[in-house]
Amino acid sequence: MTREETRAGAHGPSVPQPADTPAQHRAGVVALLGAPNAGKSTLLNALLGQKLAIVTAKPQTTRSRILGILTLPHAQLALMDTPGLHAGGRTLNRALNAIAEEVAADCDVALILVDPRTGWDAQHAALHASLATRGAPALIVGTKADLGLPPLAQAELTVSARDRAGLDALIERVARMLPESPPLWDAEQVTDRTLRFLAAEEIREALFEELEEELPYATAVEIDSYDESKPDGVRIRATLWVERDSQKGIVLGHGGQRIKRIGQRARAAIAELAQQPAHLSLWVKVDPRWSKKPKRLHALGYY
């Protein structure tokens, strides 16, 4: 997705001719790693200056890797938001951890984000040691500085995505850690994700915001059709998967009021994203094993 155009991934990655590349230009993949709710998605959006990754107060909102491309005159940071690393033996949990581990294994620089409310723990230490074994430069970043809590002793930088404190210093520090390279993406490219994928994420954000307690983690969103050919706007049909009939009733709400609110939230967000009216049709279906089927998880973008 470019900053001016609406189609995510409209331009593929390209490498300009050397004459277009400033001296000592740096570029590479920057992995945003950490526990659920460490502030990875919020930081990604703040660094880009626009919303790309969905954000809710509920942990494990992010379920796939999200690429956000920050292009500067002297550097290009391919920022990879990842699911929060967490314990759990479910197929979905293993799939989410595998995404984060794959990004960590292939990155040029890793940012280990730590929420000051939970602090540094054994999982952070294990991640840091694993990155050191692979030879990947890592930077420990304390997040949510606006909370006014004491800074983490392990943090090399402390930032606040909410008030942008420390973001410029973080960008420059990371840029210096990247290898010398021409840009890996077109200057106007912001992500490699399609609007179809981002629309599904906006629906899932609305679903998470409208549902309470643990139910959001039993749900998934699948785009059945995405049509931009009509002059009156984009038309989307999506299925909301749940695991039990009782959950279907909760998602629908009394007289269909909750699914109506989910649709209104998502429709407004998608229209802003696509810069055109959005027509959204939502259907709720039950599949007790959707989160246990590798093929289903792959279709939903979790592999």
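Kindly indicate the residue of region 77-109 that is part of a strand (DSSP E or B) and open to solvent by less than 10 Å² (accessible area, probe 1.4 Å) and also nearest to Arg63 (Cα to Cα) among those meeting that condition.
In this case the residue turns out to be Asp81.
Given the criteria open to solvent by 20 Å² or more (accessible area, probe 1.4 Å), farther than 24 Å from Ser181 by Cα, in contact with a Lys or Arg (Cβ under 6 Å, 6 or more places away or on another chain) and among the hydroxyl-bearing types (Ser, Thr, Tyr), does Thr42 qualify?
Answer is no for this residue.
Report, ordered by the first and then the second residue, all pairs with beta carbons closer than 9 Å, sequence separation of six or more or different chains, a first member in region 186-202 that is polar (S, T, N, Q), and a second member that is assigned to a helix (DSSP H, G or I).
The qualifying pairs are Thr191/Leu48; Thr191/Leu198.
With Arg193, Arg173, Arg164 as the choices, which residue is basic (Lys, Arg), within 30 Å of Ile140 (Cα to Cα), open to solvent by 70 Å² or more (accessible area, probe 1.4 Å) and touching a Leu at 6+ places or on another chain (Cβ under 8 Å)?
One residue alone meets the criteria, Arg173.
Could you go through region 55-69 and let me know if any residue there is touching a helix residue (DSSP H, G or I) at 6+ places or on another chain (Cβ under 8 Å), modelled with pLDDT of 80 or more, of a type in the set (Lys, Arg) and closer than 18 Å to Glu202 by Cα.
Yes, that holds for at least one residue.
Restricting the search to region 110-122, which residues are surrounded by fewer than 19 Cβ atoms within 10 Å (Cβ to Cβ), at negative phi and of a type in the set (Gly, Ala, Ser)?
Ala122
Which of the following residues is touching a His at 6+ places or on another chain (Cβ under 7 Å) and either of a type in the set (Ser, Thr, Tyr) or open to solvent by less than 60 Å² (accessible area, probe 1.4 Å) (or both): Pro137, Pro182?
Pro182
For region 153-208, which residues satisfy the criterion of being under 19 Å from Asp115 (Cα atoms) and in a loop (DSSP other than H, G, I, E, B)?
If the condition is that a residue be under 19 Å from Asp115 (Cα atoms) and in a loop (DSSP other than H, G, I, E, B), then Ala153, Gln154, Ala155, Glu156, Val159, Ala161, Arg162, Asp163, Arg164, Gly166 are the ones that fit.
Among (1) closer than 21 Å to Gly49 by Cβ; (2) open to solvent by 70 Å² or more (accessible area, probe 1.4 Å); (3) assigned to a helix (DSSP H, G or I), where does Asp146 come up short?
Here Asp146 clears every test but (2).
Among (1) in a helix (DSSP H, G or I); (2) open to solvent by 50 Å² or more (accessible area, probe 1.4 Å); (3) modelled with pLDDT under 90, there is one condition Glu212 misses while meeting the rest; what is its number?
Exception for Glu212: condition (1).
On the basis of being touching an Asp or Glu at 6+ places or on another chain (Cβ under 9 Å) and either open to solvent by 20 Å² or more (accessible area, probe 1.4 Å) or free of Cβ contacts under 8 Å to residues at least 60 places away in the same chain (or both), does Ala274 make the cut?
In short, no.
Could you tell me which numbered condition Lys260 fails, if it satisfies all but one of (1) touching a Gly at 6+ places or on another chain (Cβ under 9 Å); (2) surrounded by 20 or more Cβ atoms within 10 Å (Cβ to Cβ)?
Going through (1) touching a Gly at 6+ places or on another chain (Cβ under 9 Å); (2) surrounded by 20 or more Cβ atoms within 10 Å (Cβ to Cβ) one by one, Lys260 breaks only (2).
Scan region 277-303 residue by residue and report those that are within 15 Å of Ala220 (Cα to Cα), assigned to a loop (DSSP other than H, G, I, E, B) and open to solvent by 40 Å² or more (accessible area, probe 1.4 Å).
Pro288, Arg289, Lys293, Tyr303 - these are the residues of region 277-303 that are within 15 Å of Ala220 (Cα to Cα), assigned to a loop (DSSP other than H, G, I, E, B) and open to solvent by 40 Å² or more (accessible area, probe 1.4 Å).
The values are calculated or read from the model by the stated rules, or taken from the named source; none is laboratory data. Being a predicted model, the structure only gives us computed values, none of them experimental. Glycine gets a Cβ as well: all are built from the backbone with ideal geometry, and neighbour counts include every protein chain shown. We work out accessible area using only protein heavy atoms, side chains counted, and drop any ligands, DNA or RNA first. Shrake-Rupley method; radii C 1.70, N 1.55, O 1.52, S 1.80 Å.
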